[in-house]
Structures are given as C-alpha cells and as structure tokens.
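Worksheet: one structure, shown below.
No value in this document is a laboratory result; all are computed from the given coordinates. All figures in this text were calculated on a predicted structure; none of them were measured in a lab. Backbone-built Cβ (ideal geometry, glycine too); neighbour counts: all protein chains shown.
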Amino acid sequence: MSQRNWRKILFGASTRDLVGRTLLLVFAIITSFVIVLIFSQVWARAFPAIIILGPELLGPVWDPTVTEQYGILVFIAGTLWVTGLSLLIAIPIGIAGSLFLAEYCPHRLKEPLRLILILMAGIPSIVYGLWALYTLVPFLRDLISPLYIPVWDSLTNSFVWISMEWYSGYGVLPAAIVLAIMLLPTIVAVSYDSMVMVPDTLREASYALGASRTETSIKVVLMTALPGVGAAVLLSLGRAVGETMAVLLVTGNNTTFPRWIFDQSYVLTSVIANQLGLAVGGYPLMESALFVVALVLLLLSMFFSITAKMVVSWGMRKQGLR
Amino acid sequence: MGTSKSITRELRSWFRLPKSRREFLDRLTFVFLAVIAVIITLPFFAIVFEVVANGWILLNPAFILTNMVGFAEGGIRNAIVGSIELVAIASMVAIPLCVGAAIYTTEYAQRGRRRARRWVQELNKWVIRIVEFTADVLAGVPSIIFGAFGLIFFVAVFGRSLIAGALTLALMMIPTILRTTQESLRAVPLSLREASLALGATTWSTSWRVVLRAALAGIITGILLAIGRVIGETAPLLFTTGFNFDAPWGFLDAIASLPFTIYLYALQGHTEIIRLRAYSTAIVLIGIVFVVDVIAVWASKKVGLVVRAGGV
Amino acid sequence: MVEAKIQVNDLNAWYGDFHVLKSLNFEILPNTVTAIMGPSGCGKTTFIRILNRLCDMVPEFHHTGEILIDGQDVFGADIDVYELRKGIGFVFQKPNPFPMSIYDNVAYGPKTHGMKDINEIVQRSLEQSALWDEVGHRLDEPALKLSGGQQQRLCLARALAVNPGIILMDEPVAFLDPISAQKIEELIMTLKRDYTIVLVTHNVQQALRVSDSAAFLYLGELIEYGRTSLIAETPKDPRTEAFLTGRFG
C-alpha cells in the first residue's frame, strides 16, 4: 500500500471522527466520574471513624482534643435549627414573590426584578456573611437585648419573663435570616419558571368561569405549578444545609445544644470549615469523624437533589401530564 | 397609543371603588404581594449599599495595584491576581472537559448513529442519562465538600497551591457549563447539521465547524455563569490554596484570592481598618461578579437562552 | 315579541391601532343557536371574547359602542365582571381541562362561587354533557387522561356547572375527530332548550346543521345576519356566497 493511503487511513476524516468520538466519550465519563470519586474518597476517609467510634458518633458532645468525644449530634441539631427557621421564613415569602412576578407584576418591572434576583444569587456567600457579621448581628443585638421575652421555665412549669440583656446577636436567628435572604432568589426563580410554564388557556378557562384574579392565581396557577414549586423548596433545602461561609461567621460556633432561636449554635458545614485544616495535620480520628460529617452532608444534598427530580415527575404523573 | 390608553384604564380602575368583595380582595392581594416583592429585593439594596458605603473610603488605584503588606496595610493586588489565576486555570480545565462531554451526549450519543447496533444505542442512552444525572447531583453538592475533597485529593499531591485550588474550582464549574452547553447545542436547528452532513462531512467536523459555532453564544453564557459562581467561592479554597502576600504564577505556590481574603479579614476581628478593608475587597469581588453576570444575561438574551437566578 | 338576550349596538373594537370589529349591530334571541361564521382573522373570536370580557386581558384592547345582555351593558360602570362571566359559559377551541381530577374540574366553578350541593351539581353537569356514563365511576382520575372529545365535553360540563344563561363556543370541534365532533353537535342541539348558544365556526356545514340564525363576518364587518336556512339558500351578498361555496376561508 502506498504511503498516501496509510496517511489517509491514519489521519483521514473518518479516523478523526473515531478518535474524536472516543476522546469525547472519555470526557463524558470523567465528568460523571467526579461525583463517584468525591463520594468514594469521603466514604473511605469516614470509614475508620464509623468502625472505631460506631454509635459514639451520635453522641451529644464534640470535644476531640481533651476528652476525645466525637458526637456530631450537636451539629445536626444546629443545622436543623438554622435551616428549619430559614426555610420557614424563605418558603412562604419566596412562593408569594414568584406569584407576584408571574401573575401580578407589571410588564415593565419584570425584567429589572429578574435581573436583581440573578445578581442577588450572584453575591458571594462570604459577602453575605460579612454583611451579617458587621450589620445584622449588631442590629439584632441592639434590637433584642432590651427586651424581656417569655421563656418556659421547667422549675416552675410556667412562663417567666427573662431579660435578654445577655443576647450577643450571634446564633440561630442571624444565621437563619441571612440564609433566608440567600435562598430567596433560588426559590423565586425556580417556582417562577414553573408558573410561567402554566399555559394561558388554563388562566382563561378560570376567568371565563367567573373566578377572580386571586382565585385563578392560587387555585389554577399555583396548583398546576406545585410540582415545580416543590422542587424549588427541595433544591433550596439542599442549599441551606450545604451553605458554609455566611452561616459560619454568625452562628457563634458554640458546641452546646441550641434550645431556641436566640441560642448560639454550630452547624455541620461550619465544623468542617473550622477544624478540618487542623485535624489533617495529625489527629486521624478527628479527621475521620469530620469526614463522617462530610458524608452526612453529601448524602443529604444527594437526597434533596434526587427527591426534587422525583417530586417533579411524580407531580406531573399525578396531574396526568405524563 | 395603545399602551398609554391601557395605562389610563389601569389607573382609572385603581381609583374607583371596587365593585365587589372579590375585586377588593384582588386589589388587597396585589398590594400584599407587591409588598412581599419589595421585601425580597430590599436586602439586595441594603447589602450593596452597606458594602459600597463602607468600602469606597479605601478604594483607590493603589489599593488595587499593590500587594498586601501584613493584613492591615498595602493593597489587595495579590488577591485580585490570585482570584483571576485560579479561575483562569479552573476554566482551562473545565471548559474543554464539559464542552467535550456535552458534544458527546448531544451530537454523538443522542443524534448520531441512528443505524448503529441496538446495544450501542442502548449504551448511549445510558451515557446521556448518567452524565446528566451526575451533573445535577454534583450541582447540589455543598461547596465545603469540594474543599474537603480538594484537601485529601489534590493537596495530597500538589500541596496547598494554585493548582490544587484551581482543580477544586474546576470540579465546581462542571454542572453549570455542561448543562448550559447541552441546552444550547440542542437549540441548534437540525437542518443546519443535515446541511453539513449532506455535504459528506463527518459528525466530528460538523460538530466543530457548524454546531459549535452556532451554539457559541450560549456556551459562553454558561461559562460566564460558572465563572461568576466560582470566583466568589470561599469554602473550596479554605484548605486548598494557602495564603500568599504576593501573586506568583508558579502552579505549586500558595496563592491568595478575593473571597479568602475577605474571610480572613472577617476572622481578624472588629477593628475599624480591618472592617473597611474587608468591605473594599468585597466591592472589588461583587463588582467582578456583577459584571460577569450582567454580560452573561446580556449574551443569553442574544441567543434566547433563559438565565435564572441560582444557576442550573 | 321575544326580548333579545344579547343586543349589540354599534360595536367597534381595536387591538392597538388594528380595527378588529367595525360597527356591528344585531341581536340574539334567547334559546337559539347562533353561528358566527367567517374566514380566519375576521374577528369572530374577538366578538365572543368581548361578550364575557375575556378581551380585558389584552392590554391594547379598546372599544366603542355597547353590548346589552338582558338589557345590561357588559361594559357598564356598575357591572361586576366576575358575576357577568359566571352567567356566561365559555368553551374554548382546544380542550383545556385543569390538570386536576375530573371531579375538581367540574366543581371548580361552583366552589369558587360558594354554591351548595357540589356533588349534585357535578353529576347534573356531567349528565348534561353526556359524560356521566363514561366517567361517573372514576371521578378522581386526572382529567388529562381522558380522550380529546371527552376532555372537550368535560370543559362543557365545567362551564354548565355554574348555571350560565349563555354558552359561548369558540370552534369547539376544531381539534376533534369526526365522531367526537358529532357528539358535541348533538349536545348543542339539546342544550339550546335551556341555554342561549353562540357558536363560532368556520365550518359552513356545521353551522347549517346546528344553528337557527347565522352571522357572517368579513374583515370585521357584519356582512349578513339572519335565519341560517335563509342565508344558506339565498345569500344577499356575493362575499357570503363565496364563503358558503368554499371559495375562501
């Protein structure tokens, strides 16, 4: 065979196509492999602690240096408090906001509002944290400190009024507020998208039956968009649990159990951020326990991502759209 | 003329009394939801105002063009250049990877090879499903997990360095770039591909010369969105970059970055100068993010792609 | 002398600068089927959308003249739009049931207006639209699982559930197969005993089959109006004749 023919086979168009296809397939496999790699690495690092500590990991005390107790329950409690309160604030406001944007907003305002939401989502979480640290915390301290607030006293079995003079401003409350602010753009944008997808013919059908604008937007638009709204809630839940920097700066990072919103707390992400760098230096068990925390976070985030997808398809089946 | 008439009609309908209880409720709902919308956007203005009002005091050319001297003196050039280096290297890794994977899923696995053997088609279907599913899961992984992973995977090899931080950021860019690229490739009309294939071109050259060019603006939108997202990330850099008062280009040197610098300032305490320097750094960071995001939104309008707050 | 159910007096309508309806004058008698015919874009859909004021949704819409229903101007200053629409049922061109259960679709109107005995209303409406035998035993299934023809009859049942006096239909069979279309036509014939029906169509044969009187619109003008049989046999205007013989539309 002549040299020219060999060149054609080696460098010709169809060979290039084959080589290119293989190369791109490798790329596709790499992108999928990243999550597998992350999961297996985290799992491998968490494994020793799970074996050695076992149920001790679910203990209430985290004190790796002195008494060597590795209970992560306090962080789970902190995360529950902070994300719970933030979603309590963000979900109703976010859904109402997306309803406004989709059904009530004058046309001229729509684009500016959407741009503001995009920019809001773009503000780095460390900047939210900075603002919370320098503005929100002092504000809450000055606002709440002079108050007397009723607290359930287990000794007398009745409410007593306690002075809030000691309130530092740090804790569950500012973390939940700043987290709610950060979640709102996502909730609004994702639910807005599913409300815009509701066809106009359904709105017209409702109006033609004599329903008012409010009735139409709640009973028809919101109900039809409900799977998408549910997905928005789950996605934001995943983000809330995983948010690190803003929360880190304002919870107070105190390893006692939070009992109410004015208490300080310590969340799952914060303990990794604060202690992993130190632990990797020479505290193998502590490092491993911290990777158990990472594993919990990873599983939670995967759970929320997958459930969000399932809610959408379940909802569409329920409505008969699929 | 039409609009002005509709506005007067709208205004007139607002100034007359409601005709029924339900119309009254409609107006009440409108007012209530409008107030909510204001409440949602208020923090945005509050934060931007707070940052700008405090940060502009120190902001001058010297602050941007000189390196830090200790934490309280000098400028933040090292952090700015460091951030740019990190994101540039991360993009160089992530873009080819994601665009390649997107081309494979949309051009080869989905469209190409209709005459391929049955099991090849089945396999390709699964590749698409797996790639998209893993990208969506990856998008939800907390940023601190990327940091922890970078520490045990990249730092173990490279030490706390520019390359370790950049690779960690590259992983975070994958979902955004991959999904937007797929979306914009799918938006390219089939007729364009057929025209090229009909001339005897291979899928490879069709993808590169025709499809990719047609989808370019959409892909750039995705890249910009990903850059806007990771340039503000602190958590992945906590354990991976170290800190540096200079901005060297060595891959194995420790490197500073804007978000990490802000974090260190926040930890430094509450002296006035540190607070102001933190806000000044935040202005620079927010400025970069906003410019990138606005360009992304503008580019997305050109190609009819919908950008939504919160990314993918 | 029967009182007119709908009286149109010198009605003009615009979308922005586009003059859709030009000086319409006619009246529709109660318990009749009136077909509004004409080629696409002649303003027939706009006309029935004005009757129940769905046109309010379009910001550029404005009008002059008046439409009296039972002697009341639909654009009158003291009209409650929601009550007006409750009295006028509307069936759309494409079946558009809500993505809820069959029951909830029919019950939507009555519940919205706070009516009582919802179960009975649902059953009566489904019976009126000849759907009860088919779906009566599976009311909690999603409405979108029904066939196209069933969906359209469900939309009719939904409209009937709020006891309207008038039913407006915007080419209700355009998207249906011939058999489903025939069922809808039969329903129209039975329903006119209790309701006044205005039917928009560009299907001449259909208009001939079901309507008592017919209006022919062309480019926004009312060309001819009268008994359907009369118009069909002896059209006065050449444009009507051209339309009836299928030369346009």
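Nearest 500 deg cm²/dmol is fine: what mean residue ellipticity at 222 nm does chain B get from its DSSP H runs of n ≥ 4 alone, each adding -39,500 (n - 2.57), divided by its residue count?
-23000 deg cm²/dmol
Residue B:250: net charge of surrounding residues, Cβ under 15 Å, Lys/Arg +1, Asp/Glu -1, itself excluded?
Here the count lands on -2.
Report, as a whole number in µm² per second, the diffusion coefficient that Stokes-Einstein gives for the protein assembly as shown at 4 °C and 1.567 mPa s using the Kirkwood radius over alpha carbon pairs.
It diffuses with D of about 41 µm²/s by this estimate.
If we sort B:129-142, C:97-110, C:56-69 on the protection proxy, mean other Cβ atoms within 10 Å, highest first, what's the order?
Top of the packing list down: C:97-110, B:129-142, C:56-69.
Once each part is reduced to its C-alpha centroid, what is the distance from region C:34-107 to region B:72-109 in angstrom?
55 Å
Answer rounded, prolate or oblate for region C:127-249, using the Cα gyration tensor with square roots of eigenvalues a ≥ b ≥ c: rounded when a/c is under 1.5, else prolate when a/b is larger than b/c, else oblate.
prolate
Suppose every Lys and Arg Cβ carries +1 and every Asp and Glu Cβ carries -1, with no other charges. What dipole size does region B:73-178 come out with about its Cα centre, to the nearest 20 debye?
It comes to approximately 760 debye.
What shape does region A:24-94 take by its C-alpha gyration tensor, where a ≥ b ≥ c are the square roots of the eigenvalues and a/c under 1.5 counts as rounded, a/b above b/c as prolate, and the rest as oblate?
Verdict is oblate for region A:24-94.
Can you give me the long-range amide H partners of residue B:74? Hydrogens built in the peptide plane at 1.01 Å from N, cutoff under 5 Å, separation of 5 or more residues or another chain.
B:69
Let a ≥ b ≥ c be the square roots of the eigenvalues of the Cα gyration tensor of region A:3-319; is it rounded (a/c under 1.5), or, if not, prolate (a/b larger than b/c) or oblate?
Oblate.
Anyone know which of C:179, C:28, C:121 comes out most mobile in the 10 Å Cα GNM of chain C?
C:179
Let me spell out the model: positive unit charges on the Cβ of Lys and Arg, negative unit charges on the Cβ of Asp and Glu, origin at the Cα centre of region B:62-303. What dipole size does that give, in debye rounded to 20?
Taking the Cα centre of region B:62-303 as origin, the dipole is about 1260 debye.
If packing is taken as the average count of other Cβ atoms within 10 Å, what order do C:202-209, B:282-289 fall into, highest mean first?
B:282-289, C:202-209
Roughly what would the spin-label model give for residue C:9 and residue B:24, points 7 Å off Cα along C-beta, in nm?
Taking the simple label geometry, residue C:9 and residue B:24 are separated by 3.2 nm.
So for region B:62-303, what percent of the C-alpha to C-alpha distances run longer than 29 Å?
39 percent
Residue C:101: net charge of surrounding residues, Cβ under 11 Å, Lys/Arg +1, Asp/Glu -1, itself excluded?
It works out to a net charge of 0.
What average number of partner chain Cβ atoms lie no more than 10 Å from the Cβ of the residues making up A:131-138?
Taking all residues of A:131-138 together, the mean is 4.
Would you list C:169, B:92 from fewest to most Cβ contacts within 10 Å?
B:92, C:169
Go ahead and set up a Gaussian network model of chain A, Cα springs under 10 Å, then flag whichever of A:186, A:15, A:135 fluctuates most.
A:15
Taking the Cα centre of region C:135-176 as origin and charging only Cβ (+1 Lys, Arg; -1 Asp, Glu), how large is the dipole, in debye to the nearest 20?
Around 120 debye, computed over region C:135-176.
Using 26 Å as the Cα-Cα cut-off, could you pick out the over-long pairs in B:19/C:111; C:116/C:183; C:44/C:94?
From B:19/C:111; C:116/C:183; C:44/C:94, over 26 Å: C:116/C:183.
With point charges of +1 on the Cβ of Lys and Arg and -1 on the Cβ of Asp and Glu, referenced to the Cα centre of chain B, which listed residue (B:230, B:190, B:155) lies farthest in the positive direction of the dipole?
Checked the options; the winner is B:190.
Go ahead and run the numbers for FRET between residue B:306 and residue C:27, Cβ-Cβ distance against an R0 of 56 Å, rounding to 0.05.
Plugging the Cβ-Cβ distance into 1/(1 + (r/R0)^6) gives 0.70.
For residue B:245 and residue A:161, what does the FRET efficiency come to when R0 = 60 Å and r is the distance between their Cβ atoms, rounded to the nearest 0.05?
For residue B:245 and residue A:161, the calculated efficiency is 0.70.
Per residue of B:20-27, how many C-beta atoms from partner chains lie within 10 Å of its own C-beta, taken as a mean?
Counting Cβ atoms of other protein chains within 10 Å of each residue's Cβ and averaging gives 5.
Which is farthest toward the positive dipole end of chain A among A:181, A:282, A:227, measuring Cα position about the Cα centre, with Cβ charges +1 (Lys, Arg) and -1 (Asp, Glu)?
Positive-end residue among those listed: A:227.
Counting partner chain Cβ atoms within 10 Å of every residue's Cβ in A:112-119, what's the average?
The per-residue average across the peptide is 6.
Search the structure for amide H atoms under 5 Å from the amide H of residue C:215, placed 1.01 Å from N in the peptide plane, and list their residues when 5 or more places away or on another chain.
C:35, C:36, C:37
Where in chain A are the helices, taken as whole DSSP H runs, whose Cα atoms extend 18 angstrom or more along the long axis and whose Kyte-Doolittle mean reaches at least 0.0?
Answer set is A:13-53, A:73-99, A:107-122, A:172-196, A:226-242, A:284-319.
Below 8 Å, C-alpha to C-alpha, sequence gap of six or more: please give me the relative contact order for chain A in percent.
For chain A, the relative contact order is 25 percent.
Could you tally the net charge around residue A:57, taking each other residue with its Cβ under 15 Å from the Cβ of residue A:57, Lys/Arg +1 and Asp/Glu -1?
Combined, the nearby Lys, Arg, Asp and Glu give -3.
Connecting C-alpha atoms closer than 10 Å in a GNM of chain C, tell me which of C:96, C:119, C:163 has the biggest fluctuation.
C:119
If you rank B:258, A:99, A:226 by fewest surrounding Cβ atoms within 10 Å, what's the result?
Ascending Cβ contact count within 10 Å gives the list A:226, A:99, B:258.
Let me check against my output: what whole-number percent is the relative contact order of chain C, with C-alpha pairs under 8 Å and at least 6 apart?
Averaging sequence separation for qualifying contacts and normalising by length gives 28 percent for chain C.
Based on the mean of other beta carbon atoms within 10 Å per residue, what is the order of A:149-160, A:78-89, most packed first?
My ranking of the peptides, most packed first, is A:78-89, A:149-160.
Residue A:256 versus residue C:212, label points 7 Å from Cα toward the beta carbon: distance in nm?
Each label point lies 7 Å from its Cα, and together they span 8.4 nm.
Kindly put A:305, A:98, A:14 in sequence by how many other C-beta atoms sit within 10 Å of each C-beta, fewest to most.
Arranged by neighbour count, lowest to highest, A:305, A:98, A:14 become A:14, A:305, A:98.
What lysines could a cross-link reach from residue A:110, if we take a straight Cα to Cα line under 26 Å and drop same-chain neighbours fewer than 8 places away?
Leaving aside lysines fewer than 8 places away in the same chain, those within reach of residue A:110 are A:219, B:5, B:301, B:302.
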